[in-house]
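Laboratory data are not the source of any read-out in this text; all were calculated from the coordinates shown. What you see is a predicted model; the values in this text were computed from it and never measured. No Cβ is skipped: glycine too gets one built from the backbone with ideal geometry, and neighbour counts run over all protein chains shown.
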Amino acid sequence: MANLRTAMDAAFWDLNISTPQAIDGVARAIPGDPIPLDNSRASRALRFQQISLIGNGFPLGIIPSFSPSADHKGLGSFALQSLIGKADFGNWWVGLIGQFRPMKLISSIKAEVSASEEWDLPLLKETAKHFADKSLFAFGLCSQIALSSSSSLLFSTEKHGEKKGRRSKAMLFHKLPDHDITLEAAWPELFIDHKGKYWEVPESISLDCSSLVSDSGLRYRFGIHKNSGLPQAAVRSINTETPIALLPRLCAKAAFSYEKSKDLWRQKETKEDVIDETEQGPVWRPAYDVCLKDPHAAISGIIGGTCEAWIGGEKRTKNRGCVDLFGSLCYTFQHGRFRNMYGDLTRIDARLNIASASAVLEKASSLFRSAQSKQTINELSSPRLNLIFQQQIVGPIVFRIDSKFGLDSSSGKHRPQLEDLIYSLNYSLRLLGSGKVVAWFSPKRKEGMIELRIFEF
């Protein structure tokens, strides 16, 4: 089924979104934005680990990605990433990733040659200089050390040739029997809003404690977060208003949720299902993904609440707090066991999201008022419908479409409005149980990349 836990995680600062704009492949969703698509969530594996594993399946270990240039005018959106080197010292490892933009190099050389009247030695010298253009390259260094069996420290830094300064992150993770504690800092931190626009916050620090999902379905988390410095849009826009959640301030937040799932019907896997009789004898052949082995239909839901308070910042954010409710309802239907070569998987997930009950009620009450004044549109006042369609192409290859529709009739259009869309091809890795190589593309962001994802359900 769809990952319902994003209903609560979207209210905090550590919801990672996949992006080729950063060497580590991660940008943070802005707290309080509508719940993002499931397929937009970044992999749980570090980018260094992904390239180290899936690089073996690509020529020379080079993995492509696609993203628009910073000014949306120049070329260079096609990039190649590769693992330059790594070292392992027992409980400590370090790795270096390099990125190269061939299209930008080709464009620069083409412009140089077109402007020249004839081929001569000076032209060759000028052309050779383009290979040393620092804007063609980017490097990322990642290191992790295990402090104990339950604690680890992660540090990463990256430098893009066309940008000033570096982007660095540090994370201290400690695992308790029933909780996870995380201390994170980034300077600057890269965020992405629900419209696909990127923001950089000069300094971001957060401390978070979250409970593990219990058998009863109850989960809670709380934390504090501090932004410092004025956020800047990664791409300049005339009518771009800074999201309130990114303004300099200190914010404390707590949330709880209760999740429940009910099978309408399910055909559980048996021993006969995973054993094929051949001329050489019985062969064990499990599903390509253990999370997709049972045909079923199910209804699941999550409901919860958030409480937050913040101080500092501008007048519109000073000494404020709020309490709110959220919820999601999902229907899942799956045909096939995802074992055979053809026609053994068709899956549909339909999920209705209400990110803010107070915003929905406020909007509903305004419909009964005789005189309405122009008010700022609250992005959370409309429910969203997320649809996921998966279809097996051949063997472990699955085509997937994730879409999000806004159910808002205030604009005069009484039909759902498409807000986001992601296409992807997934290659399931049977040996990992529930691992897959995902190649996705977002028409809205005009971005795409290849990732390794493990146990995404």
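Things worth noting here:
- Percent RCO, i.e. relative contact order, over the stretch 1-131, from Cα pairs under 8 Å lying at least 6 residues apart: 15
- Kirkwood hydrodynamic radius over Cα pairs of the stretch 219-269, then Stokes diffusion coefficient at 37 °C and 0.692 mPa s, in µm²/s: 213
- When the Cα convex hull of the chain is projected onto planes of every orientation, the mean area is 28.7 nm².
- Taking label positions 7 Å along the Cα-Cβ direction at both Glu272 and Leu361, the computed distance is 5.4 nm, reported to one decimal.
- Residue-normalised convex hull volume from the C-alpha trace of the stretch 203-337: 220 Å³ per residue.
- Prolate is the label for the stretch 132-172, because a/c, from the alpha-carbon gyration tensor with a ≥ b ≥ c as root eigenvalues, is 1.5 or above and a/b exceeds b/c.
- Coordinate range along principal axes, alpha carbons of the stretch 133-278, Å, largest first: 60, 46, 42
- Each residue of the stretch 186-198 was assigned a 3J(HN,Hα) from its phi angle through the Karplus curve 6.51 cos²θ - 1.76 cosθ + 1.60 (θ = phi - 60°); the sequence is 9, 8, x, 9, 9, 10, 9, 8, 6, 8, x, 8, 9 Hz, with glycine and proline shown as x.
- Difference of contour (0.36 nm per residue) and Cα-Cα distance, Leu124 to Cys209: 24.7 nm
- The stretch 90-209 - Debye-derived log10 I(q)/I(0), Cα point model, q = 0.20, 0.22 Å⁻¹: -1.14, -1.22
- Full-stretch length increase - Leu407, Ile106 - with 0.36 nm per residue and alpha-carbon distance subtracted: 103.9 nm
- Exceedance of the 25 Å cut-off in Cα-Cα distance is limited, within the set Lys104/Lys159; Lys86/Lys125; Lys268/Lys436; Lys175/Lys226; Lys169/Lys260, to Lys86/Lys125; Lys169/Lys260.
- Structure-based [θ]222 nm, the chain - -39500 (n - 2.57) summed over DSSP H runs of at least 4, per residue, nearest 500: -3000 deg cm²/dmol
- Placing a pseudo-label 7 Å from each Cα along the Cα-to-Cβ vector at Leu352 and Phe441 gives an inter-label distance of 3.4 nm.
- Eigenvalues of the alpha-carbon gyration tensor of the stretch 256-300, scaled by 5 and square-rooted, set the equivalent ellipsoid semi-axes at 32, 11, 6 angstrom, largest first.
- Karplus-derived 3J(HN,Hα) values for the stretch 14-27, using 6.51 cos²θ - 1.76 cosθ + 1.60 with θ = phi - 60°, are 10, 7, 7, 10, 5, 7, x, 6, 10, 5, 7, x, 9, 10 Hz; glycine and proline are entered as x.
- Shape parameters for the stretch 1-119, alpha-carbon atoms, Rg then Dmax in Å: 18.7, 63
- Dipole of the chain, positive direction: furthest Cα of Pro396, Pro188, Thr127, with charges on the beta-carbon: Pro188
- Computed lengthening from Ser168 to Thr240, 0.36 nm per intervening residue step minus Cα-Cα distance: 23.3 nm
- 3J(HN,Hα) from dihedral phi, the stretch 286-296, Karplus parametrisation 6.51/-1.76/1.60, rounded to Hz, x for glycine, proline: x, 5, 4, 9, 5, 7, 10, 8, 10, x, 6
- Selection among Cys142, Gly85, Gly98 by position relative to the dipole of the stretch 28-170 gives Cys142 as farthest towards the positive end (Cβ unit charges, Cα centre).
- Dipole of the stretch 264-340 computed with +1 at Lys/Arg Cβ and -1 at Asp/Glu Cβ about the Cα centre; of Trp310, Ala287, Ala298, farthest Cα towards the positive end is Trp310.
- Candidates per chymotrypsin sites (Phe, Trp or Tyr not before Pro) in the stretch 203-280, loop by DSSP, up to 12 other Cβ within 10 Å: none
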